[in-house]
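The values are calculated or read from the model by the stated rules, or taken from the named source; none is laboratory data. As the structure is a computational prediction, the values presented were derived from the model and not from experiment. Methodologically, a virtual Cβ is constructed for each residue, glycine included, from the backbone with ideal geometry; neighbour enumeration extends over all protein chains shown.
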């Protein structure tokens, strides 16, 4: 089968190399850079004392065994919990990193995808952190599900690429032609730069072409299967998010 003449998609480590290391920790993020990921995706929440921390859930229970609501705790309190040992004893010293700490790990020419997991209360703190970062504007990409957050975010940060996340299999409306038209229309109305979609078999070549022909970038998550990745490459998506980017890159190269 002849492959399309399009640029290879970037490979993005989903919460870092989270297949082998505890996701959203410095260990997982550093491992992703070591394995030559093009970018890393992280999740962020705001603490009680207005610090931005990198964690997927709004509570520390799942990864630490200790129940702490992130928004009700200070950074100092959250730093006391171990969020690595659920992946194995070798990760026992892993703590919840701040966004500032993660941004300092990003190498030149690499990208950081920051998924906003909380509400608009994070915007002021995010503005402070990003404005003082040493990264270029093109290295920082903002993503999220909540339109009430992402729409004002794009207005405040026009210099950054902003993509709207949609979970296909849970949103039946976008499985239809009319549904895709609606999603694209909303994305364009809000001046979003792209869509960040969960992998689904309904994400056909025709759908990808429709999205990209409307001037939107397309990133797909979470792809840990070689056949799926190869198909998405043939469809000319812009980026593939995986828990195991190192493994995936080696397989695609071979």
- line: The residue from 109, 76, 101 that alone is out of contact with any strand residue (DSSP E or B) (no Cβ under 7 Å at 6 or more places or on another chain) and either at positive phi or part of a strand (DSSP E or B) (or both) is 109
- request: Please find, among 164, 221, the residue that is out of contact with any helix residue (DSSP H, G or I) (no Cβ under 6 Å at 6 or more places or on another chain), under 25 Å from residue 117 (Cα atoms) and either modelled with pLDDT under 95 or surrounded by 15 or more Cβ atoms within 10 Å (Cβ to Cβ) (or both).
  value: 221
Meets criteria (touching a strand residue (DSSP E or B) at 6+ places or on another chain (Cβ under 9 Å) and assigned to a strand (DSSP E or B)) for residue 220: yes
field: Scope the range 79-94; condition closer than 11 Å to residue 25 by Cα and assigned to a loop (DSSP other than H, G, I, E, B); matching residues
entry: 82, 83, 84, 93, 94
query: Restricting the range 23-36 to residues that are buried (at least 24 other Cβ atoms within 10 Å of the Cβ) and over 13 Å from the mean Cα position of the chain (by Cα), which is nearest to residue 102 (Cα to Cα)?
result: 25
Lone unmet requirement of (1) under 24 Å from residue 172 (Cα atoms); (2) in contact (Cβ under 8 Å) with a residue 60 or more places away in the chain; (3) assigned to a helix (DSSP H, G or I) for residue 247: (1)
query: What number of residues in the range 148-183 are farther than 24 Å from residue 109 by Cα, in a helix (DSSP H, G or I) and touching a strand residue (DSSP E or B) at 6+ places or on another chain (Cβ under 7 Å)?
result: 6
- line: The condition of being modelled with pLDDT of 95 or more, under 16 Å from residue 240 (Cα atoms), surrounded by 13 or more Cβ atoms within 10 Å (Cβ to Cβ) and in contact with a strand residue (DSSP E or B) (Cβ under 9 Å, 6 or more places away or on another chain) holds, among 186, 211, only for 211
message: Looking only at the range 234-248, count every residue that is within 18 Å of residue 5 (Cβ to Cβ) and surrounded by fewer than 17 Cβ atoms within 10 Å (Cβ to Cβ) and tell me the total.
response: 1
